[in-house]
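The values are calculated or read from the model by the stated rules, or taken from the named source; none is laboratory data. Keep in mind it's a predicted model, so treat the numbers as computed, not measured. Using ideal geometry, Cβ is built from the backbone for each residue, glycine included, and neighbour counts are taken over all protein chains shown.
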Amino acid sequence: MIIVMKHRATAAEIGTVVSQVEVHGYKTHLSQGTERTIIGVVGDDRPLENHQFELLPGVEQVVRILKPFKLASRDFHPENTIFDVRGVTIGGPELVVMAGPCAVESRSQLLETAHAVKEAGATMLRGGAYKPRSSPYSFQGLGEDGLELLAEARDATGLPIITEVMSPEAVALVGRYTDIFQIGARNMQNYALLQAVGQTRTPVMLKRGLMGTVQEWLMSAEYILSGGNYQVILCERGIRTFETATRNTLDINAIPLLKQWTHLPVFGDPSHATGKWELVAPAAKAIIAAGADGLIIEVHPHPEVALSDGAQSLKPERFAELMNDLRRLAPAVGRTLS
Ligand code: PEP
Ligand code: MN
């Protein structure tokens, strides 16, 4: 449930309600909006009765939340979550484009790509050092050497970095380098991993699982939030359907739906959603038109020799063209892109 306080509720009245909730063994989450304060009750609150709180001074209304996610829900936190990553604002009116190779392959490949995406206007650099490959015989990533190269590319370009972490044991190591943890689609329901990143204060991008419903996805976000890490980005990257002509099916509906259901920033990944470079630009535009806060896109200077995901990687020139198109599209949906 949420307890909506009156417009002029005092700090003491809010404090009394919070302690009443805590007396019953629940945690609270406070959302201090411009108009009023909302006190969210965290946990299975079915045993509580509305009237236990309705009669307390300063309380306007007690509302039952039927959805199982709480901290992730817009009812708990009506205003958009906006946060800063090394000077880049995530979730604000300015769109954020993260770009770079699927995998860090070499120093020259990464630095060349990083400079090119920065030149085109990307504001963050992506690159996997640990790759969740479908085959154990495929390139698995450079590991810590890849993290070192990402840090070097960040120093050289000023772009903050995002990279995937695949296991709870690796969270400390990856966290020493990255500005955002990427949780890959295959790990959306790896609850031990979600709990581990939830214990950090490093932002997390949670990609949608191949078979994850929007509700399951938000429950996964809830694992991270309930650890106290509120800097979570959701990324729609396509889901598995009967259609095999494309790698995945971009669930465009999920974007405006998430904007209703949650306050968390929503991104889209047109590269994994389509699997074909020719479809990446139109899918990217659709994602922005649907109301997303940003994109994560694979770019490779020589896709034909890429060690992973070459078929869906844009060459830098094509990425630059897409950025120009997005600059024209952004104002039509109330956004900016510099
Ligand atoms: C990736 O970003 O390279 C990746 C593996 O993505 P996903 O987890 O969405 O498949
Ligand atoms: Mn990839």
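Looking at the structure I just gave you, is GLY146 over 27 Å from LYS285 (Cβ atoms) and either buried (at least 18 other Cβ atoms within 10 Å of the Cβ) or charged (D, E, K, R) (or both)? Before the answer, list the steps.
Details: over 27 Å from LYS285 (Cβ atoms): yes; either buried (at least 18 other Cβ atoms within 10 Å of the Cβ) or charged (D, E, K, R) (or both): yes.
Yes.
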Flag if LEU193 is within 14 Å of ligand 1 (Cβ to nearest atom), under 21 Å from ARG133 (Cα atoms), part of a helix (DSSP H, G or I) and hydrophobic (A, V, I, L, M, F, W, C): yes
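Which residues, taken from the range 26-48, are in a loop (DSSP other than H, G, I, E, B) and of a type outside the set (Asp, Glu)? Show your work before the answer.
Filtering the range 26-48 for residues in a loop (DSSP other than H, G, I, E, B) gives 26, 33-36, 43-48.
TYR26, GLY33, THR34, ARG36, GLY43, ARG46, PRO47, LEU48 - these are the residues of the range 26-48 that are in a loop (DSSP other than H, G, I, E, B) and of a type outside the set (Asp, Glu).
Considering every residue within the range 199-216, establish whether at least one is part of a helix (DSSP H, G or I), over 25 Å from PHE319 (Cα atoms), among the small types (Gly, Ala, Ser) and assigned by TED's automatic domain parsing to the domain that holds MET166.
Filtering the range 199-216 for residues part of a helix (DSSP H, G or I) gives 214-216.
Then keep just the ones that are over 25 Å from PHE319 (Cα atoms); that gives 214-216.
Now restrict to residues that are among the small types (Gly, Ala, Ser): none.
No.
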Within the bounds of the range 285-296, is there any residue that is within 16 Å of ligand 1 (Cβ to nearest atom), closer than 24 Å to PHE76 by Cβ and under 21 Å from the mean Cα position of the chain (by Cα)? yes
Pairing a residue in the range 243-257 that is part of a strand (DSSP E or B) with any residue that is of a type in the set (S, T, N, Q) and modelled with pLDDT of 95 or more, where Cβ atoms lie under 6 Å and the two sit 6 or more apart in sequence or on different chains, gives THR249/THR241
Hey, any hits in the range 171-182 for a residue that's under 14 Å from the mean Cα position of the chain (by Cα), of a type outside the set (S, T, N, Q) and surrounded by fewer than 21 Cβ atoms within 10 Å (Cβ to Cβ)? yes
Got at least one residue in the range 280-294 being out of contact with any helix residue (DSSP H, G or I) (no Cβ under 6 Å at 6 or more places or on another chain), over 15 Å from ARG247 (Cβ atoms), away from ligand 2 (no atom under 16 Å from the Cβ) and assigned to a loop (DSSP other than H, G, I, E, B)? yes
If we ask which residues in the range 283-334 are surrounded by 17 or more Cβ atoms within 10 Å (Cβ to Cβ), farther than 20 Å from LEU206 by Cα and β-branched (Val, Ile, Thr), their number turns out to be 1
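Considering only residues that are of a type in the set (A, V, I, L, M) and under 21 Å from GLY294 (Cβ atoms), which ones fall in the range 186-215? Reasoning before the result, please.
At the first step, the residues of the range 186-215 found to be of a type in the set (A, V, I, L, M) are 188, 192-194, 196-197, 204-206, 210-211, 214.
Within the range 186-215, MET188, VAL197, VAL204, MET205, LEU206, VAL214 meet the criteria.
Criterion first (within 16 Å of ligand 2 (Cβ to nearest atom) and within 21 Å of the chain's Cα centre (by Cα)) does ILE161 satisfy it? Before you say what the answer is, go through the steps one by one.
Working: within 16 Å of ligand 2 (Cβ to nearest atom): yes; within 21 Å of the chain's Cα centre (by Cα): yes.
The answer is yes for ILE161.
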Hits in the range 125-139 (condition: more than 10 Å from ligand 2 (Cβ to nearest atom) and farther than 20 Å from LEU295 by Cβ): ALA129, TYR130, SER134, SER135, PRO136, TYR137, SER138, PHE139
Expected single match for out of contact with any Leu (no Cβ under 8 Å at 6 or more places or on another chain) and among the aromatic types (Phe, Trp, Tyr) among PHE267, PHE242 is PHE242
Counting only residues in the range 263-276 that are in contact with a helix residue (DSSP H, G or I) (Cβ under 6 Å, 6 or more places away or on another chain) and either part of a helix (DSSP H, G or I) or hydroxyl-bearing (Ser, Thr, Tyr) (or both), the one surrounded by the fewest Cβ atoms within 10 Å (Cβ to Cβ) is identified as THR274
